Amino acid sequence: MTANQQIILDNRPQGEAVESNFKLVQGTVPALQDGQVLVRHHYLSLDPYMRGRMNDAKSYAAPQPLGEVMQGGTVGEVVDSRHPKYQAGDKVVGMGGWQEYSVVDGNAPGALRKVDTTHVPLSYYLGAVGMPGVTAWYGLVKIINPKAGETVVVSAATGAVGSAFAALAKARGCRVVGIAGGPDKCRYATEELGFDACIDYREHPDLKSMARALKEACPDGIDGYFENVGGYIFDAVLLRTNAFARVALCGMIAGYDGQPLPLANPALILVNRLKIEGFIVSEHMEVWGEALAELAGLVAAGKLRPRETISEGLASAPSAFLGLLKGKNFGKQLVKLTP
Ligand SMILES: NC(=O)c1ccc[n+]([C@@H]2O[C@H](COP(=O)([O-])OP(=O)(O)OC[C@H]3O[C@@H](n4cnc5c(N)ncnc54)[C@H](OP(=O)(O)O)[C@@H]3O)[C@@H](O)[C@H]2O)c1
């Protein structure tokens with residue numbers, strides 16, 4: 001029997017999530033049944049949404065069950081198969097969870113997808129050419145729907161979603177302004193990701209200062225905003241929106257540990273006739289094919305080559321995950337599970 005290290009959710013956070021919420025356990029890989037595929041995970045994806053699922057609260061997705069392997073996206077290689085569609089050596093993306101191996105029902109719709117690593121590195125299928133990339137695509141194309149020359153702004157600008165957003169918005173001829181934490185991230189945004197400007201929110205820790213910085217970076221106002229953070233950053237952006245601006249409400253990470261995020265000036269939604277639309281990318285499977293094709297094209301053309309932060313070994317997943325929630329990651333946060 002092959003050993004299979006796993007990380008389970010042991011108990012739920014009280015306020016801020018901590019390492020002791022998780023537990024490393026030793027499992028084994030069961031014998032394959034007909035139709036099943038055994039996948040060895042090379043990379044595990046760490047994503048902010050996992051924080052919400054650690055709570056036992058009503059949300060768009062069911063909570064992560066206690067005592068079970070943490071759910072999450074994985075890429076890896078088929079090592080054994082009793083399904084005609086999959087052969088040993090195939091590279092696949094799936095939802096294998098925080099463990100070294102997963103046994104997947106090859107007939108379950110969407111459970112496993114073969115990927116081509118000729119022009120796109122395997123790990124990118126968890127980031128730029130995966131769920132975060134499609135998230136950026138949906139918010140930009142389907143909600144903000146910008147015209148060339150318009151100004152669009154994104155918060156958490158250098159992360160997995162933000163970096164894909166920049167490449168997609170530049171491809172549509174927009175002025176693209178990012179908001180990120182720290183001078184290194186802002187330099188990376190303008191020098192490597194193609195942002196026209198980037199505002200370091202740590203230098204602008206209040207509404208007034210952030211609104212002033214946005215006025216400077218967006219002299220023609222803001223036509224589209226892709227919201228990942230919430231709080232005073234959202235308030236400052238709303239102050240600078242043009243009439244009929246569109247806001248794609250993707251995430252509010254500043255409140256994921258339960259902090260309240262009141263809106264300072266909701267009247268601006270009326271005064272500026274704003275469209276604000278929240279969305280969950282997994283509810284829009286109809287766009288994934290088109291979005292992934294564009295994202296893979298940008299990667300192959302060298303126009304989207306975001307950095308990744310890779311922690312080594314399954315045991316490092318909890319601390320890497322808590323670091324992601326505090327901005328310690330530089331680009332897509334992954335855990336590498338193979339030597
Ligand atoms: N709606 C959907 O379907 C969907 C799908 C995927 C992701 N999302 C959301 O998209 C957002 C970005 O996800 P991602 O995977 O690309 O993560 P990410 O940006 O790679 O990592 C999270 C980043 O959030 C920033 N951050 C954390 N706490 C913050 C705070 N209090 N104030 C300001 N910034 C803070 C940090 O960057 P800085 O160092 O720059 O602060 C951190 O690096 C998240 O809100 C996530 O929940 C939504």
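Quick notes on this structure:
- In the range 48-60, residue farthest from residue 23 (Cα to Cα) [restricted to those that are surrounded by 12 or more Cβ atoms within 10 Å (Cβ to Cβ) and of a type in the set (A, V, I, L, M, F, W, C)]: 50
- Failed item, numbered, when residue 45 is tested on (1) modelled with pLDDT under 95; (2) within 16 Å of the ligand (Cβ to nearest atom): (1)
- Being outside any helix (DSSP H, G or I), within 16 Å of the ligand (Cβ to nearest atom) and surrounded by 20 or more Cβ atoms within 10 Å (Cβ to Cβ) is a description that applies to residue 157.
- Residue 164 meets each of the listed conditions (1) without any contact (Cβ under 8 Å) to a residue 40 or more places away in the chain; (2) within 25 Å of residue 149 (Cβ to Cβ) apart from (1).
- Residue in the range 216-230 that is in contact with an Asp or Glu (Cβ under 9 Å, 6 or more places away or on another chain) and outside any strand (DSSP E or B) present: yes
- When the range 1-13 is limited to residues that are among the polar types (S, T, N, Q) and modelled with pLDDT of 95 or more, the one that is farthest from the chain's Cα centre (by Cα) turns out to be 4.
- Some residue of the range 184-203 being more than 16 Å from the ligand (Cβ to nearest atom), outside any loop (DSSP other than H, G, I, E, B), over 28 Å from residue 59 (Cβ atoms) and at pLDDT 95 or above: no
- Among residues of the range 107-134 that are more than 16 Å from the ligand (Cβ to nearest atom), those with a beta-carbon under 8 Å from a residue that is small (Gly, Ala, Ser) and outside any helix (DSSP H, G or I) at least six positions away or on a different chain give the pairs 107/35; 111/94; 112/94; 112/106; 113/94.
- Lone unmet requirement of (1) touching a helix residue (DSSP H, G or I) at 6+ places or on another chain (Cβ under 6 Å); (2) modelled with pLDDT of 95 or more; (3) under 30 Å from residue 27 (Cβ atoms) for residue 295: (3)
- Being out of contact with any Ser or Thr (no Cβ under 9 Å at 6 or more places or on another chain) and more than 21 Å from residue 136 (Cα to Cα) is a property that does not hold for residue 172.
- Of all residues assigned to the range 280-297, none qualifies as being part of a strand (DSSP E or B), under 19 Å from the mean Cα position of the chain (by Cα), surrounded by 15 or more Cβ atoms within 10 Å (Cβ to Cβ) and in contact (Cβ under 8 Å) with a residue 12 or more places away in the chain.
- Filtered residues of the range 84-101 (kept if surrounded by fewer than 18 Cβ atoms within 10 Å (Cβ to Cβ) and over 15 Å from the mean Cα position of the chain (by Cα)): 84, 85, 87, 88, 89, 90, 91
- From the options 156, 88, residue that is on the phi > 0 side of the Ramachandran plot and aliphatic (A, V, I, L, M): 156
- Selected residue (criterion: nearest to the ligand (Cβ to nearest atom)) from residues of the range 243-261 that are out of contact with any helix residue (DSSP H, G or I) (no Cβ under 9 Å at 6 or more places or on another chain) and not in a helix (DSSP H, G or I): 259
- Odd one out for residue 264 among (1) within 18 Å of the chain's Cα centre (by Cα); (2) aliphatic (A, V, I, L, M); (3) more than 28 Å from residue 99 (Cα to Cα): (1)
- Looking across 247, 237, one residue alone is touching a Ser or Thr at 6+ places or on another chain (Cβ under 9 Å) and over 21 Å from residue 186 (Cα atoms). It is 247.
- Once the range 233-259 is narrowed to residues that are buried (at least 17 other Cβ atoms within 10 Å of the Cβ) and of a type in the set (D, E, K, R), the residue that is nearest to residue 325 (Cα to Cα) is 235.
- Positions within the range 310-326 being within 16 Å of the ligand (Cβ to nearest atom) and either surrounded by fewer than 18 Cβ atoms within 10 Å (Cβ to Cβ) or among the charged types (D, E, K, R) (or both), in sequence order: 310, 319, 323, 326
- The residues of the range 262-277 that are within 18 Å of residue 144 (Cβ to Cβ), away from the ligand (no atom under 16 Å from the Cβ) and either in contact with a helix residue (DSSP H, G or I) (Cβ under 6 Å, 6 or more places away or on another chain) or part of a helix (DSSP H, G or I) (or both), listed by number, are 268, 269.
The values are calculated or read from the model by the stated rules, or taken from the named source; none is laboratory data. All figures in this text were calculated on a predicted structure; none of them were measured in a lab. Virtual Cβ from ideal backbone geometry, glycine too; neighbours counted across all protein chains shown.
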